[in-house]
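**Q** Submitted below is the structure of interest, expressed as structure tokens.
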Amino acid sequence: MTLIYLRIDPELAIQRIAQRGRSGEETGISLDYLRSLDEAFTRHYQDYSNVHEILIRSDTSTTDLAHLVGGIIRREL
């Protein structure tokens, strides 16, 4: 099994949330929450020894990220 893990720094995620300006997101998602979520995902996937993990840093543009992930999916299928 292959796991594609899109990881983003919580600080950058907060910036992107603010840029989107969607109602409910800015007040409903805190930096502390995103940090704890990042830590939880990291701990959770460390235990997967039978999984081929592809870690992608998501600090690039969404267009570049979509091309990168699309290429990985085509290669892995």
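None of the figures in this text is laboratory data; all of them are computed from the coordinates on show. Because the structure is predicted, anything quoted here is derived from the model rather than measured. We place every Cβ from the backbone using ideal geometry, glycine too, and count neighbours over all the protein chains shown.
**Q** TYR5's amide H: which non-local residues (gap 5+, or another chain) put their own amide H closer than 5 Å, with H modeled 1.01 Å from N in plane and none for Pro or chain starts?
**A** Long-range HN contacts for TYR5: ILE54, LEU55, ILE56.
**Q** Using alpha carbons only, how many degrees (0 to 90, rounded to 10) separate the axis of helix 62-76 from the longest principal axis of the chain?
**A** 20
**Q** Another one. Hey, rough spin-label estimate for ARG75 and TYR48, points 7 angstrom out along Cα→Cβ, what's it come to in nanometres?
**A** 1.8
**Q** If you fit an axis through the alpha-carbon atoms of helix 10-20 and take the longest principal axis of the Cα set of the chain, what angle between them do you get, 0 to 90°, nearest 10?
**A** 60
**Q** Counting only Cα, what are the radius of gyration and maximum Cα-Cα distance Dmax of the range 2-76, in Å?
**A** 14.1, 40
**Q** Here's a follow-up. Measure nothing fancy, just the Cα-based angle from helix 31-46's long axis to the longest principal axis of the chain, in degrees from 0 to 90, nearest 10.
**A** That helix lies at roughly 10 degrees to the long axis.
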